[in-house]
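Q: Please read through the structure below; I'll follow up with questions.
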Amino acid sequence: MTRKLSRLALWVIVLFPFGFILTLSFGQRWPYPRLFPQSWTLSNWIEIGQSGAGITSSFWLSLSLSLSVAIIATTLSFWGSRQIAFHPQKQVLLRFAYFPYVFAPVILAACLQYFFVRSGLYGQLAGVLIAQLCITIPYGLLFFSSFWNPKRKAMEESVYTLGGNVWQAYRMVLIPTARPTILTCFFQLFLISWFEYGLTQLIGVGKVDTLTLRVFQYVNESNIFLAALASVLLIMPPIVLLWLNKRYIFRLNTNKDLL
């Protein structure tokens with residue numbers, strides 16, 4: 001009985017913040033000193049289907065941006081990590097991959113700001129995408145660094161021995177072998193881009209209105225109900241990815257270990 005109560009209490013503690021934010025998204029007028037909002041309404045959610053109050057466009061902008069960043073960064077970092085893994089100066093090159101994380105994202109953006117202004121990418125969606133690649137690709141390189149080992153190299157060389165080319169080695173051996181690792185890296189890079197604020201705010205100059213920026217905007221305006229609604233939309237993709245990770249990636253890793 002005590003064990004069940006402890007488990008129930010743990011679930012309540014974990015789910016309370018999400019339930020509270022979801023509840024606030026249906027609220028309207030919350031004068032002091034009332035414990036709960038004065039009234040409840042669906043108008044906040046209905047506005048999304050109509051004008052959207054900018055939230056819908058911000059959601060789709062963030063989703064397309066994060067998917068693009070995750071796909072590009074995962075592809076480049078997987079290929080680049082292969083080049084680094086068997087390079088004589090592997091350790092030196094991997095140390096360079098840590099460089100973007102020496103600074104806070106805002107400081108890194110300030111250091112890169114001049115180059116984006118000169119290139120005409122300042123305040124542009126393409127500029128924000130490239131800026132986010134500056135922190136996601138190094139992360140991907142570090143993530144994949146543990147994947148490559150002599151066994152993977154021997155598998156790749158066996159394809160060449162049998163008359164295959166580089167594309168066939170990747171398509172038929174390396175990518176299928178690395179599928180769980182690639183998907184996990186993709187999910188993590190997506191989340192880095194999805195929640196990124198500092199680089200997006202400074203390089204985008206507020207013109208690239210992602211959902212993360214929209215949440216902070218509503219918070220600064222003390223519009224707690226729209227902030228809650230935007231926060232609900234903000235946490236939806238991570239919840240979906242968590243479910244997918246548990247449903248499919250965990251199963252792939254389990255099957256891989258059994259083999």
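Q: Once every DSSP H run of n ≥ 4 in the chain is given -39500 (n - 2.57) and the sum is divided by its residues, what mean residue ellipticity at 222 nm do you get, rounded to the nearest 500 deg cm²/dmol?
A: So the calculated ellipticity at 222 nm is -23500 deg cm²/dmol.
Q: Cross-link partners among lysines for Lys90, C-alpha distance below 28 Å, same-chain residues fewer than 8 apart left out?
A: Those lysines meeting the cut-off are Lys151, Lys153, Lys256.
Q: On full extension of the chain, what length is gained from Val166 through Ser39, given 0.36 nm per residue of separation minus the C-alpha to C-alpha distance?
A: Working it through step by step, the gained length comes to 39.4 nm.
Q: Excluding residues fewer than 8 places away in the same chain, name every one of the lysines whose C-alpha is closer than 26 Å to that of Lys4.
A: Within reach: Lys246.
Q: With loop defined by DSSP as not H, G, I, E or B, and exposure as at most 16 other Cβ atoms within 10 Å, which is the longest segment of the chain clear of exposed chymotrypsin sites (Phe, Trp or Tyr not before Pro)?
A: Free of exposed loop sites, the longest segment is 104-196.
Read-outs: derived from the displayed coordinates by stated rules, not from any lab. If you're wondering where the values come from, they're calculated on a predicted model, not measured in any experiment. Every residue, glycine among them, receives a Cβ derived from its backbone with ideal geometry; neighbour counts consider all protein chains shown.
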